[in-house]
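The values are calculated or read from the model by the stated rules, or taken from the named source; none is laboratory data. Because the structure is predicted, anything quoted here is derived from the model rather than measured. Every residue, glycine as well, gets a Cβ built from its backbone with ideal geometry; the counts of neighbours run over all protein chains shown.
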Amino acid sequence: MRPTTENSPQALAPAVFRGSSWAAMGAVFSRGMGLAAQIVLGLLLSDHDFGVFAIAIGVSSVLTVLRDGGARQLLISRPKEHAQLLAPVFWIAIAFAVGTGALLALTAPLAAGADSDVATLLLIIALVQPLSVPGSILSARLQIDLRFGAITAIQSTLALVRFGGAVVLAWRGFGALSFVLPLIPMAFIEWAWAWALTRDHPWFSGPRLHQWRGLLRVSAWAVVGSAGIAAINSGVPVVLGVLVPSGVVGVYFFAQQLVTQIGIVLGASLAQVLFPAFTRLLGEPERKRRATLRALRQSMLLASPMCAAMAAIIIPFESLVWGGKWAQAAHAVIVMALVYPINVASAIPVAVQQSRSDFRAWGLGVNVVALVTFAGAGIAAALSPDPLPIAAASSVAMALASILYTAWALRPLSIGLRDVLGAIAPAWAMASIAAGLALVADAWFMTHWPALVRCLLGGAIFTLGFAALVRLVVVDQVIESVNLLPSPLRRMANGLLRLRSGPGAPTADRGPSGP
């Protein structure tokens, strides 16, 4: 018999399976916390407050990607060298964080323009940069060791502090500051928790300056890639801030936050699980190819209904919760929610490129996606200061660019554009159709009904429609996903969806280590 090692299918598959389950649970928890917080913040704060934060986070994201100099990704991509690299990587990250914070603080007045509120937020974000480095670097060890349960516990706690703190501060009248003040305790919590789990203390070791040049030569492209990811997630409001009033930016950002909370968290969680797992599959291209296609299918089967469900009920939901205050954002949410799952799937090629330390290709690819997204948003904003066409143009541009980037990034695994579309299109199409059915039913039959009833019926139509469509059209993908669930949940899902099980039923390979 073949011995079981950490890279073997017997050992790696269960770890990745558990990691994917933890990532999904963490994404759902963070989504719930974020949605609950945004409901309350939407009542307590104005569109100007959201606009101020959107501009501040967009400006700061350009610089905060320099916080660790790309060292964290480098550390994860070389798991066997962790002990030797930890100290120099930590001090590289500290040096970059201090420099980034200082640069952000010095440029805050210029970046903020006439809005002093933006400058204040930027100064607080600058302070957080060096504070957040220890927790970030120490938690890389947890990711290398595939300890995704611990990672999920930390991130869920941080989400609770972030969103709960924002609500309390907004209630106490802190305005836009409510978004950034929780970042300070979050940095200390992650630091303390990660240290308690790893007992690593690189701050007691010397910086080993002789290693910096070689490490920075590799990690520089990781910085470029991180900048591209930050630009995709937060850069559009900066572009809009130049072209439209802050109130319009606030409406766009409010809609974007509703949609991308789950997308960003889910995409980051998938990359967090798959990056170290794919690293252990170097030299096994066929296993990696199958795992990548499987990951694309599973990510779309998870992300598509999560995002499309928001599109299905957002109009009555906005009326029920905010009483028309954010009605202008509702239609923008529909467009964003239907398109955004495609961007979530691009987390898979990111993990593939990072796993082989191809940071240059990753950096170039995601920055092209960001530039295309900016172009779509900028052209739409120049033509009309209406959040709906801006949302449509930026979302479609981002989706098309993400598809092409995914196909390009996966070429070394012999995965082409047709393979990519075949993996992502079915679940996305079924979710979009189900959301369309719910929206049509609401517009034609339920316009004058109570908002709560419309939400419940719209959600039911979407849920039943999506379940029926995937059961009929992509049943093999559904079975593949259900077979990855823990036994009690698997039996429940088989019963609810009336799926066949036992001999002859399709089975999943349980993660990137499948045969």
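Identification of helices (runs of 4 or more DSSP H) wholly contained in segment 311-421 with 1 or more residues that are more than 18 Å from the chain's Cα centre (by Cα) and of a type outside the set (Ser, Thr, Tyr) yields 327-339, 359-383, 387-409. Taking each residue of segment 447-461 that is crowded, with 17+ Cβ neighbours inside 10 Å and part of a helix (DSSP H, G or I) and looking for partners that are charged (D, E, K, R) and modelled with pLDDT of 90 or more with beta-carbon atoms closer than 9 Å, six or more apart or interchain, yields Ala451/Glu318; Arg454/Asp442; Leu457/Asp442; Gly458/Asp442; Ile461/Asp442. If the condition is being β-branched (Val, Ile, Thr) and at pLDDT 80 or above, then segment 462-481 contributes Thr463, Val470, Val473.
Only a single criterion out of (1) farther than 22 Å from Trp191 by Cα; (2) assigned to a helix (DSSP H, G or I); (3) at pLDDT below 65 is not satisfied by Gly19, namely (1).
Modelled with pLDDT under 75 and part of a loop (DSSP other than H, G, I, E, B): which single residue out of Gly32, Gly69 fits that description? Of the residues listed, the single one that is modelled with pLDDT under 75 and part of a loop (DSSP other than H, G, I, E, B) is Gly69.
Residue under question is Ala467, and the condition is that it be in a helix (DSSP H, G or I), within 26 Å of the chain's Cα centre (by Cα) and buried (at least 20 other Cβ atoms within 10 Å of the Cβ); does it hold? For Ala467, the condition - in a helix (DSSP H, G or I), within 26 Å of the chain's Cα centre (by Cα) and buried (at least 20 other Cβ atoms within 10 Å of the Cβ) - is not met.
Identify the residue in segment 428-440 that is of a type in the set (Gly, Ala, Ser) and within 21 Å of Ser299 (Cβ to Cβ) and, among all such residues, is surrounded by the fewest Cβ atoms within 10 Å (Cβ to Cβ).
Ala429
Regarding Ala192, is this residue of a type in the set (A, V, I, L, M) and closer than 17 Å to Arg72 by Cβ? In short, no. Scanning segment 189-212 for residues that are exposed (fewer than 13 other Cβ atoms within 10 Å of the Cβ) and assigned to a loop (DSSP other than H, G, I, E, B), we see that the one that is nearest to the chain's Cα centre (by Cα) is Arg199.
Just to check your reading of the model, which residue among Val168, Val161, Val118 is assigned to a helix (DSSP H, G or I), free of Cβ contacts under 8 Å to residues at least 12 places away in the same chain, within 26 Å of the chain's Cα centre (by Cα) and farther than 29 Å from Arg78 by Cβ?
Working: Val161 fails: free of Cβ contacts under 8 Å to residues at least 12 places away in the same chain; Val118 fails: free of Cβ contacts under 8 Å to residues at least 12 places away in the same chain.
Residue meeting the stated conditions: Val168.
Restricting the first member to segment 315-338 and to residues that are more than 18 Å from Thr260 (Cα to Cα) and without any contact (Cβ under 8 Å) to a residue 60 or more places away in the chain, and the second to residues that are among the basic types (Lys, Arg) and surrounded by fewer than 22 Cβ atoms within 10 Å (Cβ to Cβ), no beta-carbon pair is closer than 9 Å while six or more apart or on different chains. Against the test of being closer than 30 Å to Val249 by Cα, out of contact with any strand residue (DSSP E or B) (no Cβ under 9 Å at 6 or more places or on another chain) and surrounded by fewer than 17 Cβ atoms within 10 Å (Cβ to Cβ), the options Ala443, Ala393 yield a single qualifying residue, Ala443.
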